[in-house]
Amino acid sequence: MKRFLLLLILGISSQSTIAQLVSSDYSKIDKIVKQLYSEGKIHGGVLIAQGENVIYQNAFGMADRDLEIPNSTNTRFIINSMGKMFTAVLTLQLVEEDSIALTDPISKHLPWFQHPRADDITIHHLLAHRSGLKGYFMEQIQGNLEFFISQKDVLNKMTTLELNFEPGNGYDYSNTGYLLLGEIIMKYRKADYYDIQKERIFDSLGMKSSYNSTSIYGPGSPVYYLEDGTPATPFPHSNYKGDGGTKSTLQDLHKFMLAVGTDKLLKPESWELMFKKHSLPEEALRKWGPHFEPYGYGCSVMNLPYKGVKNELAIGHGGAGYGSSDFMLKFVESNRIIILWHNESLRALPPELLTELAKL
């Protein structure tokens, strides 16, 4: 892992040992992506880069079917749970400053969150989805928790529910844990989560097209289409803070992924913690669902097809929402970056894309 981090931070790699995409690969990639679009596996935007060099970007399908407006590479789309990477970075910045420690119980920082097991759940557990806290969205879907209520009301309700497992003894993807991290970030920065995110990530990296709005819609955004073809209606309670929901562009997320692993955001030891496999699929209660890969802090940690039969360590995060899905991915050693978004309910990262790119 340290070798990978060193290569990532210094931005160096050997041309003789690591296959690099080049601009002349555009037509080959275009053929791959258009085939996936024709098969109904892509409907939105795609960016593929080799470090700073954007090798390919294109957009497919309609942003608005009624008005016949096509999707664009400049479309601002909702990133859903990909925003958990932002929350993990902001949390680890607090750790670096000694404002909090990974071993701290959440009761130390959020005394108002009066879950009976708050003394046993740590910052580490929240980051790695090892808290045992039930996911609030699943509770809403199951009718156990109201929609359209405030974040504090959601979290207060979660204090009345039993844990799914003993803290640290399992792995279950939980949006609730990332809302609590958002609350901790706001407490110590003394500002709204989205203002903190803008100052410490967006402004720092020049992500000028990234923003937050209460609705899933906003300036320059597409219509999102449900599986039955109807448009998703605005979702006014999507403004929860910490588990995702920001709007961004392919180009802005490319800037973020370039900064992942560098001193622009965190120290090397923090990235090493973030990229460590803290939670494994075999520890999960369920055997299905999103983010079913080894998980670090705010990112999946995967070995994915890279060149021929060779796999490479890759980190990233997917997201899925109301008629939308997306994924951003970085191959650690080679610095290859892949970002996709869809304004339909599709699999966020088609595995065929990775398989075909590995042939180049």
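Exactly one of (1) surrounded by 22 or more Cβ atoms within 10 Å (Cβ to Cβ); (2) modelled with pLDDT under 95 is unmet by Lys307. Its number?
Checking Lys307 against (1) surrounded by 22 or more Cβ atoms within 10 Å (Cβ to Cβ); (2) modelled with pLDDT under 95, the one that fails is (1).
Of the residues in the range 332-352, how many are among the hydrophobic types (A, V, I, L, M, F, W, C) and out of contact with any helix residue (DSSP H, G or I) (no Cβ under 6 Å at 6 or more places or on another chain)? Outline the logic, then answer.
Restricting attention to the range 332-352, the residues satisfying the condition of being among the hydrophobic types (A, V, I, L, M, F, W, C) are 332, 337-341, 346, 348-349.
With out of contact with any helix residue (DSSP H, G or I) (no Cβ under 6 Å at 6 or more places or on another chain) added as a condition, the list becomes 338, 340-341, 346, 348-349.
Qualifying residue count, the range 332-352: 6.
Which residue pairs have Cβ atoms closer than 8 Å, lie 6 or more positions apart in sequence or on different chains, and pair a first residue in the range 199-222 that is without any contact (Cβ under 8 Å) to a residue 60 or more places away in the chain and at positive phi with a second residue that is assigned to a helix (DSSP H, G or I) and surrounded by 15 or more Cβ atoms within 10 Å (Cβ to Cβ)?
Listed pairs, sorted by first residue: Gly206/Lys255.
Looking at Leu253, Leu285, Leu258 in this structure, which one is surrounded by fewer than 19 Cβ atoms within 10 Å (Cβ to Cβ), within 27 Å of Leu205 (Cα to Cα) and in contact with a strand residue (DSSP E or B) (Cβ under 9 Å, 6 or more places away or on another chain)?
Details: Leu253 fails: surrounded by fewer than 19 Cβ atoms within 10 Å (Cβ to Cβ); Leu285 fails: within 27 Å of Leu205 (Cα to Cα).
Going through Leu253, Leu285, Leu258 in turn, just one is surrounded by fewer than 19 Cβ atoms within 10 Å (Cβ to Cβ), within 27 Å of Leu205 (Cα to Cα) and in contact with a strand residue (DSSP E or B) (Cβ under 9 Å, 6 or more places away or on another chain): Leu258.
Among (1) assigned to a loop (DSSP other than H, G, I, E, B); (2) in contact (Cβ under 8 Å) with a residue 24 or more places away in the chain; (3) within 27 Å of Asp252 (Cβ to Cβ), where does Gly83 come up short?
(1)
Evaluate the range 103-121: report whether one residue or more is touching a Gly at 6+ places or on another chain (Cβ under 8 Å), β-branched (Val, Ile, Thr) and closer than 17 Å to Leu155 by Cβ.
Yes, some residue in the range 103-121 is touching a Gly at 6+ places or on another chain (Cβ under 8 Å), β-branched (Val, Ile, Thr) and closer than 17 Å to Leu155 by Cβ.
Could you please find all residues in the range 163-215 being acidic (Asp, Glu) and either at pLDDT 95 or above or outside any loop (DSSP other than H, G, I, E, B) (or both)?
Glu166, Glu183, Asp192, Asp195, Glu199, Asp203, listed by residue number.
Give Tyr225, Tyr240 a once-over and let me know the one that is at pLDDT below 95 and on the phi < 0 side of the Ramachandran plot. Steps first, answer last, please.
Numbers: Tyr225 fails: at pLDDT below 95.
After ruling out the rest, the residue left standing is Tyr240.
Can you tell me which residues in the range 130-162 are outside any helix (DSSP H, G or I) and either touching a helix residue (DSSP H, G or I) at 6+ places or on another chain (Cβ under 6 Å) or of a type in the set (A, V, I, L, M) (or both)? First the steps, then the outcome.
Taking the range 130-162 first, the residues outside any helix (DSSP H, G or I) are 130-135, 142-150, 159-162.
Once the filter is applied, which keeps residues that are outside any helix (DSSP H, G or I) and either touching a helix residue (DSSP H, G or I) at 6+ places or on another chain (Cβ under 6 Å) or of a type in the set (A, V, I, L, M) (or both), the range 130-162 yields Ser131, Leu133, Gly135, Leu145, Phe147, Ile149, Leu161.
Condition first: touching a residue at least 40 places away in the same chain (Cβ under 8 Å) and under 23 Å from the mean Cα position of the chain (by Cα). Can you find one or more residues in the range 107-120 that meet it?
Looking for residues that are touching a residue at least 40 places away in the same chain (Cβ under 8 Å) and under 23 Å from the mean Cα position of the chain (by Cα), one finds none in the range 107-120, hence no.
Identify, by number, the condition in (1) basic (Lys, Arg); (2) surrounded by fewer than 21 Cβ atoms within 10 Å (Cβ to Cβ); (3) in contact with a helix residue (DSSP H, G or I) (Cβ under 7 Å, 6 or more places away or on another chain) that Arg65 doesn't meet.
So Arg65 meets the others, but not (3).
Only one residue in His125, His115 is assigned to a loop (DSSP other than H, G, I, E, B) and at pLDDT 95 or above, so which one is that?
On the way: His125 fails: assigned to a loop (DSSP other than H, G, I, E, B).
Answer to the selection: His115.
Would you mention how many residues in the range 288-313 are under 20 Å from Tyr171 (Cα atoms) and touching a strand residue (DSSP E or B) at 6+ places or on another chain (Cβ under 8 Å)?
Number of matching residues: 13.
Have a look at Ala63, Ala59 and point out the one that is touching a Leu at 6+ places or on another chain (Cβ under 9 Å), closer than 30 Å to Asp30 by Cβ and of a type in the set (A, V, I, L, M).
Numbers: Ala63 fails: touching a Leu at 6+ places or on another chain (Cβ under 9 Å).
Checking each option against the conditions leaves just Ala59.
For the range 285-360, which strands (runs of 3 or more DSSP E) that fit wholly inside it have 3 or more residues that are among the acidic types (Asp, Glu) and touching a residue at least 40 places away in the same chain (Cβ under 8 Å)? Write out each step before concluding.
Numbers: elements: 300-307, 310-321, 324-331, 336-342.
Result: empty, no element qualifies.
The values are calculated or read from the model by the stated rules, or taken from the named source; none is laboratory data. Being a predicted model, the structure only gives us computed values, none of them experimental. Note that each Cβ is placed from the backbone with ideal geometry, even for glycine, and that neighbours are counted across all protein chains shown.
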